[in-house]
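The values are calculated or read from the model by the stated rules, or taken from the named source; none is laboratory data. Bear in mind the structure is a predicted one, so any value in this text is a computation, not a measurement. Here Cβ is always computed from backbone atoms with ideal geometry, including for glycine, and neighbour counts include all displayed protein chains.
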2 protein chains.
Amino acid sequence: MEQVFSYPHLFSFTKNVFLSMGCSEADATIATTVLLSADLRGIDSHGVARLSGYVRLWEAKRINATPNIKVIHETPSTAVVDGDSGLGLVVAPFAMKVAIEKATNVGSGWVSVQNSNHFGIAGYHAMMALQHDMIGMAMTNASALVAPTFSTERMLGTNPIAVAVPSGNEPPFVADMATTTAANGKLEILQRKNLEAPLGWIQDAEGEATTDAHALKNKGALLPLGSDKEHGSHKGYALGSIVDIFSAVLSGANYGPWVPPFPAYVPMPENQPGKGLGHFLGAMRIDAFRKADDFKKDMDNWIRRFRSAKTIEGYDQVLIPGDPERLFEAQRMKDGIPLLETVAEDLVKVGQKFNLSL
Amino acid sequence: MEQVFSYPHLFSFTKNVFLSMGCSEADATIATTVLLSADLRGIDSHGVARLSGYVRLWEAKRINATPNIKVIHETPSTAVVDGDSGLGLVVAPFAMKVAIEKATNVGSGWVSVQNSNHFGIAGYHAMMALQHDMIGMAMTNASALVAPTFSTERMLGTNPIAVAVPSGNEPPFVADMATTTAANGKLEILQRKNLEAPLGWIQDAEGEATTDAHALKNKGALLPLGSDKEHGSHKGYALGSIVDIFSAVLSGANYGPWVPPFPAYVPMPENQPGKGLGHFLGAMRIDAFRKADDFKKDMDNWIRRFRSAKTIEGYDQVLIPGDPERLFEAQRMKDGIPLLETVAEDLVKVGQKFNLSL
């Protein structure tokens, strides 16, 4: 049921698709790097499995392959970037570079982005800060799949938050999480295998908890982190809302139920208040707070102490955010990236549009 | 079982206690304002119920009533503040003012704080930004009560995150949440009433889910938001970790299991790596991103759209973060603040130390 492709092979194919769409060499390279970072890190739902979706958005003229991405408002530590309907995979790294430059100059940089599209995994953008000895943050809103506490209506996307923190000898701390109980990608796996979902991941059209993994097709919704009020779903709802506000209300993008859908066949919401979808990127220079070496020594100590915390019987070790993804990356860089048959077939079809073979 | 006190009455009593400890007039006023903001907003666990705890920390010389709070490192948009073992109720507003000043100058301001103590409710500090047309953020670490996913060991505090966002005609968006499934204050209520806790709030010494509200006394632990791995507890663990790192690793305060305990009778952890406990405060000027009026119009639209989202049968309305606390505040400012008999008795005893009557 799976085919394995080497990273260089998938990279070359994907880059050629972006080039065929009309992306510049530089844009195709960064878009491919960002997209495939998801496959490498084991977040299969956000990698090449989405390539055909990006192509269809481009065909529907919702993605501009040659955008004029620019800063439209700024202060020494903040900016708003207009993505000109470009690939989020290209727009977000542009915006993160602006944040890093501002952090270099004045200690921190914070960039809200309008008029963009889906940007792949949030973790990639946050991790751009690491090599500069900075803490990186990345958030994005996304089309509405999540119901607020007490609601039956889909009002928020899975709106992820990523935070990357540099360390010394230990690998960095990299948290990258949807603000829902379960990411949509996990639900898609259950749908594909016709398995039931754990109670607490989704609700049906009436707002009742359900194990039907297909409930979203029948007006169900994903649940905010916390699952129900008694277990703190109002906190997950608040976190998703903060991502929405920072990414879109602060930039002038669309927010809440008005965020453009990823599937190109879904009509755009009516009366959209803003432009495209929004991201929020941030960078803080470590030595804008204390000596980077001192920080890294403490961060190593933090990581080691948490990793050696006593475990529940049956578990080997407490994990540090970023551990599982780093193991995936090392393994897949070496052994290749396994793709589901259906994903590989989809890529073959995408290739045919541009006379490219997988 | 409850006694009701007017806000001015409790304010005057509490301020006199802080003055009796040796706080300056200005410090006693701000400390009282911050502490009582919890009682007003319905977060009873963080208000005057803790006054005796602060007094005992002062008696144990862990709180300095006349601190020399100062910026020890800074860039145009960042700073580290040394709280000189002062009341967090005084140190955090000082740090937030620094953040606001930096945001006024360069668009945003971010302040990490070392050598502080408990700062009351995070929401108060975040809300200081609102009157300046800024988004405010506040976090703090706290002594370890929470077990990471897969662990039996208490490694993190309930580490809250607060975000306050200004709006136009609507009341502001104010999220203020522990990064655990349930705040410790909610558990304390169940303990006092000898009720069981919902599954998912706490685990026992072996890391098994339990409904025993007293499990924390027997080496149990609070659970991170998400409750268990299947429901995303690794996300709550990551959020609590981010708060710990921003508040303490970035400032040089104590982190993880080394954070000083609130009860003065609990011995300090050995081999502490830093100074006191830590906070992280931030402010972003709205018009550092876009015209404040445009933002507020969109924020009003955001709030109204979410408030009017379709509800699950039996619920009147979808709430906006900050709604419940604002209703509490309006009611308690008018009708007074109800205190449990035990809390009132505790205050009487505190007063006796300083010849003050409640």
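Could we say that A:Ser112 is touching a residue at least 40 places away in the same chain (Cβ under 8 Å) and either surrounded by 24 or more Cβ atoms within 10 Å (Cβ to Cβ) or within 13 Å of another protein chain (Cβ to nearest Cβ) (or both) here? So that I can check it myself, show each step before the final result.
Working: touching a residue at least 40 places away in the same chain (Cβ under 8 Å): yes; either surrounded by 24 or more Cβ atoms within 10 Å (Cβ to Cβ) or within 13 Å of another protein chain (Cβ to nearest Cβ) (or both): yes.
Yes: the conditions hold for A:Ser112.
Mind checking which residues of segment A:131-144 are more than 17 Å from A:Leu239 (Cα to Cα) and more than 14 Å from chain B (Cβ to nearest Cβ)? Step through it out loud before you land on a result.
From segment A:131-144, those more than 17 Å from A:Leu239 (Cα to Cα) are A:131-136; that's our starting set.
Answer for segment A:131-144, where residues must be more than 17 Å from A:Leu239 (Cα to Cα) and more than 14 Å from chain B (Cβ to nearest Cβ): A:Gln131, A:His132.
Restricting attention to segment B:64-84, and to residues there that are in a loop (DSSP other than H, G, I, E, B) and within 14 Å of chain A (Cβ to nearest Cβ), which single residue is nearest to B:Lys275 (Cα to Cα)? Before the answer, list the steps.
The initial filter retains those residues of segment B:64-84 that are in a loop (DSSP other than H, G, I, E, B), namely B:64-69, B:75-77, B:83-84.
So of that shortlist, the ones also within 14 Å of chain A (Cβ to nearest Cβ) come out as B:75-77.
On the way: B:Thr75: 22, B:Pro76: 24, B:Ser77: 23 Å.
Out of the qualifying residues, it is B:Thr75.
If you check A:Asn117 against the conditions, is it over 20 Å from the mean Cα position of the chain (by Cα), away from chain B (no Cβ under 14 Å) and either more than 24 Å from A:Leu36 (Cα to Cα) or surrounded by 24 or more Cβ atoms within 10 Å (Cβ to Cβ) (or both)? Steps first, answer last, please.
Values: over 20 Å from the mean Cα position of the chain (by Cα): no; away from chain B (no Cβ under 14 Å): yes; either more than 24 Å from A:Leu36 (Cα to Cα) or surrounded by 24 or more Cβ atoms within 10 Å (Cβ to Cβ) (or both): yes.
So A:Asn117 does not fit the description; no.
Quick check on my filter: what residues within segment A:145-159 are assigned to a loop (DSSP other than H, G, I, E, B), more than 9 Å from chain B (Cβ to nearest Cβ) and surrounded by 24 or more Cβ atoms within 10 Å (Cβ to Cβ)?
Passing the criteria: A:Gly157, A:Thr158, A:Asn159.
Specify which of the listed residues (B:Leu281, B:Leu327, B:Leu277) is more than 10 Å from chain A (Cβ to nearest Cβ) and either among the charged types (D, E, K, R) or in contact with a helix residue (DSSP H, G or I) (Cβ under 6 Å, 6 or more places away or on another chain) (or both).
Working: B:Leu327 fails: either among the charged types (D, E, K, R) or in contact with a helix residue (DSSP H, G or I) (Cβ under 6 Å, 6 or more places away or on another chain) (or both); B:Leu277 fails: either among the charged types (D, E, K, R) or in contact with a helix residue (DSSP H, G or I) (Cβ under 6 Å, 6 or more places away or on another chain) (or both).
The unique qualifying residue is B:Leu281.
I need a count of the residues in segment B:326-342 that are at pLDDT below 95 and in a helix (DSSP H, G or I). First the steps, then the outcome.
We begin by selecting, within segment B:326-342, every residue at pLDDT below 95; these are B:340-342.
With in a helix (DSSP H, G or I) added as a condition, the list becomes B:341-342.
Counting residues in segment B:326-342 that are at pLDDT below 95 and in a helix (DSSP H, G or I) gives 2.
Tell me whether segment B:184-194 contains one or more residues that are at pLDDT 95 or above and in a loop (DSSP other than H, G, I, E, B). Steps first, please.
To start, the set of residues in segment B:184-194 that are at pLDDT 95 or above comprises none.
Taking every residue of segment B:184-194 in turn, none turns out to be at pLDDT 95 or above and in a loop (DSSP other than H, G, I, E, B).
Among (1) under 29 Å from A:Ala178 (Cβ atoms); (2) touching a Ser or Thr at 6+ places or on another chain (Cβ under 6 Å), there is one condition B:Asp204 misses while meeting the rest; what is its number?
Condition (1) is where B:Asp204 drops out.
Checking A:Gln272 against (1) out of contact with any Gly (no Cβ under 8 Å at 6 or more places or on another chain); (2) part of a helix (DSSP H, G or I); (3) not hydroxyl-bearing (Ser, Thr, Tyr), only one condition comes out false. Which one?
Just one mismatch for A:Gln272, condition (2).
Among (1) buried (at least 16 other Cβ atoms within 10 Å of the Cβ); (2) among the aliphatic types (A, V, I, L, M); (3) over 20 Å from B:Glu188 (Cα atoms), there is one condition B:Ala26 misses while meeting the rest; what is its number?
(1)
When you scan segment B:102-109, do you find a residue that is within 19 Å of B:Gly276 (Cβ to Cβ) and buried (at least 22 other Cβ atoms within 10 Å of the Cβ), even just one?
So the first thing to find is which residues in segment B:102-109 are within 19 Å of B:Gly276 (Cβ to Cβ), and the list is none.
Checked segment B:102-109: no residue is within 19 Å of B:Gly276 (Cβ to Cβ) and buried (at least 22 other Cβ atoms within 10 Å of the Cβ).
For segment A:200-222: of the residues being without any contact (Cβ under 8 Å) to a residue 24 or more places away in the chain and assigned to a loop (DSSP other than H, G, I, E, B), which is nearest to the other protein chains (Cβ to nearest Cβ)? Steps first, answer last, please.
The first filter runs over segment A:200-222 and keeps only residues without any contact (Cβ under 8 Å) to a residue 24 or more places away in the chain, leaving A:202, A:204, A:208-212, A:214-215, A:217-218, A:220.
So of that shortlist, the ones also assigned to a loop (DSSP other than H, G, I, E, B) come out as A:204, A:208, A:211-212, A:214, A:220.
Numbers: A:Asp204: 10, A:Glu208: 8, A:Thr211: 12, A:Asp212: 17, A:His214: 19, A:Gly220: 12 Å.
Ranking the candidates gives A:Glu208 first.
Restricting to segment A:223-250, count the residues that are more than 7 Å from chain B (Cβ to nearest Cβ) and either in a helix (DSSP H, G or I) or crowded, with 24+ Cβ neighbours inside 10 Å (or both). Show your work before the answer.
Step one: list which residues in segment A:223-250 are more than 7 Å from chain B (Cβ to nearest Cβ), which gives A:223-224, A:228-229, A:233-234, A:236-237, A:239-240, A:243-244, A:246-248.
After this cut, where a residue has to be either in a helix (DSSP H, G or I) or crowded, with 24+ Cβ neighbours inside 10 Å (or both) as well, the list is A:223-224, A:229, A:233-234, A:236-237, A:239-240, A:243-244, A:246-248.
Residues in segment A:223-250 being more than 7 Å from chain B (Cβ to nearest Cβ) and either in a helix (DSSP H, G or I) or crowded, with 24+ Cβ neighbours inside 10 Å (or both): 14 in total.
I'd like the full set of residues that are in a loop (DSSP other than H, G, I, E, B) and either under 10 Å from A:Ser151 (Cβ atoms) or of a type in the set (Gly, Ala, Ser) (or both), limited to segment B:304-313. If you could, list the steps in order and put the result at the bottom.
To start, the set of residues in segment B:304-313 that are in a loop (DSSP other than H, G, I, E, B) comprises B:308-310, B:312-313.
Hits for segment B:304-313 are B:Ser308, B:Ala309, B:Lys310, B:Ile312.
Any residue that is surrounded by 21 or more Cβ atoms within 10 Å (Cβ to Cβ), closer than 23 Å to A:Ala103 by Cα and at pLDDT 95 or above - is there at least one of those in segment A:270-279? Lay out the reasoning, then the answer.
First pass over segment A:270-279, keeping only residues surrounded by 21 or more Cβ atoms within 10 Å (Cβ to Cβ): A:276-279.
Among the residues that remain, those that are also closer than 23 Å to A:Ala103 by Cα are: A:278-279.
Then drop every residue that is not at pLDDT 95 or above, which leaves A:278-279.
Yes, some residue in segment A:270-279 is surrounded by 21 or more Cβ atoms within 10 Å (Cβ to Cβ), closer than 23 Å to A:Ala103 by Cα and at pLDDT 95 or above.
Just to be sure before I move on: is A:Ile72 touching a strand residue (DSSP E or B) at 6+ places or on another chain (Cβ under 8 Å) and among the aliphatic types (A, V, I, L, M) in the structure I sent? Write out each step before concluding.
Details: touching a strand residue (DSSP E or B) at 6+ places or on another chain (Cβ under 8 Å): yes; among the aliphatic types (A, V, I, L, M): yes.
In short, yes.
With the requirement that a residue be among the aliphatic types (A, V, I, L, M), closer than 30 Å to A:Trp302 by Cα and surrounded by 13 or more Cβ atoms within 10 Å (Cβ to Cβ), what does segment A:318-347 give you? Talk me through it step by step, then tell me what you get.
Initial filter on segment A:318-347 (among the aliphatic types (A, V, I, L, M)): A:318-320, A:327, A:330, A:333, A:337, A:339-340, A:343-344, A:347.
Still in the list and also closer than 30 Å to A:Trp302 by Cα: A:318-320, A:327, A:330, A:333.
Within segment A:318-347, A:Val318, A:Leu319, A:Ile320, A:Leu327, A:Met333 qualify.
Go through the residues of segment A:322-339 one by one and say whether even a single one is in contact with a Gly (Cβ under 7 Å, 6 or more places away or on another chain) and farther than 25 Å from A:Leu40 by Cβ.
Checking segment A:322-339: not a single residue is in contact with a Gly (Cβ under 7 Å, 6 or more places away or on another chain) and farther than 25 Å from A:Leu40 by Cβ.
Which ones in segment B:25-41 are more than 12 Å from the chain's Cα centre (by Cα) and either modelled with pLDDT under 95 or polar (S, T, N, Q) (or both)?
Answer for segment B:25-41, where residues must be more than 12 Å from the chain's Cα centre (by Cα) and either modelled with pLDDT under 95 or polar (S, T, N, Q) (or both): B:Thr29, B:Thr32, B:Thr33.
Output the qualifying pairs, or none if there are none: Cβ atoms under 6 angstrom, residues six or more apart or on different chains, first residue in segment B:290-305 and facing chain A (nearest Cβ under 9 Å), second residue hydrophobic (A, V, I, L, M, F, W, C) and in a helix (DSSP H, G or I).
Close Cβ pairs satisfying both conditions: B:Phe295/B:Ile286; B:Asp298/A:Val249; B:Met299/A:Val249; B:Trp302/A:Val249.
Within segment A:280-303, track down each residue that is among the basic types (Lys, Arg) and either part of a loop (DSSP other than H, G, I, E, B) or loosely packed, with under 14 Cβ neighbours inside 10 Å (or both).
Taking segment A:280-303 first, the residues among the basic types (Lys, Arg) are A:285, A:290-291, A:296-297.
Within segment A:280-303, A:Arg290, A:Lys291 meet the criteria.
Of the residues in segment A:83-97, how many are crowded, with 24+ Cβ neighbours inside 10 Å and under 21 Å from B:Val106 (Cα atoms)?
Qualifying residue count, segment A:83-97: 2.
Please verify whether A:Ile100 is aliphatic (A, V, I, L, M) and part of a loop (DSSP other than H, G, I, E, B), treating the condition exactly as stated. Write out each step before concluding.
Numbers: aliphatic (A, V, I, L, M): yes; part of a loop (DSSP other than H, G, I, E, B): no.
Against the criterion (aliphatic (A, V, I, L, M) and part of a loop (DSSP other than H, G, I, E, B)), A:Ile100 does not qualify.
Regarding B:Val350, is this residue at pLDDT 95 or above, surrounded by 20 or more Cβ atoms within 10 Å (Cβ to Cβ) and part of a loop (DSSP other than H, G, I, E, B)? Reasoning before the result, please.
Numbers: at pLDDT 95 or above: yes; surrounded by 20 or more Cβ atoms within 10 Å (Cβ to Cβ): yes; part of a loop (DSSP other than H, G, I, E, B): no.
The answer is no for B:Val350.
Does any residue of segment A:186-196 turn out to be more than 8 Å from chain B (Cβ to nearest Cβ), closer than 28 Å to B:Met137 by Cα and touching a strand residue (DSSP E or B) at 6+ places or on another chain (Cβ under 9 Å)?
Of segment A:186-196, the ones more than 8 Å from chain B (Cβ to nearest Cβ) are A:186-196.
If we keep only those that are closer than 28 Å to B:Met137 by Cα as well, we get none.
Within segment A:186-196, none of the residues are more than 8 Å from chain B (Cβ to nearest Cβ), closer than 28 Å to B:Met137 by Cα and touching a strand residue (DSSP E or B) at 6+ places or on another chain (Cβ under 9 Å).
Can we say B:Ala175 is assigned to a strand (DSSP E or B), at the interface with chain A (Cβ under 10 Å from one of its Cβ atoms) and out of contact with any His (no Cβ under 6 Å at 6 or more places or on another chain)? Outline the logic, then answer.
Working: assigned to a strand (DSSP E or B): yes; at the interface with chain A (Cβ under 10 Å from one of its Cβ atoms): yes; out of contact with any His (no Cβ under 6 Å at 6 or more places or on another chain): yes.
Yes; evaluated as a whole, the condition is true for this residue.
If you take the residues in segment A:15-33 that are in contact with a Lys or Arg (Cβ under 9 Å, 6 or more places away or on another chain) and among the aliphatic types (A, V, I, L, M), which one is farthest from A:Val91 (Cα to Cα)?
Only one residue fits best here, namely A:Val17.
Please pick out the residue among A:Gly322, A:Gly252 that is more than 27 Å from A:Gln131 (Cβ to Cβ) and under 22 Å from the mean Cα position of the chain (by Cα). Don't jump to the end; show me each part of the working.
Numbers: A:Gly322 fails: more than 27 Å from A:Gln131 (Cβ to Cβ).
Only one candidate passes the filter, namely A:Gly252.
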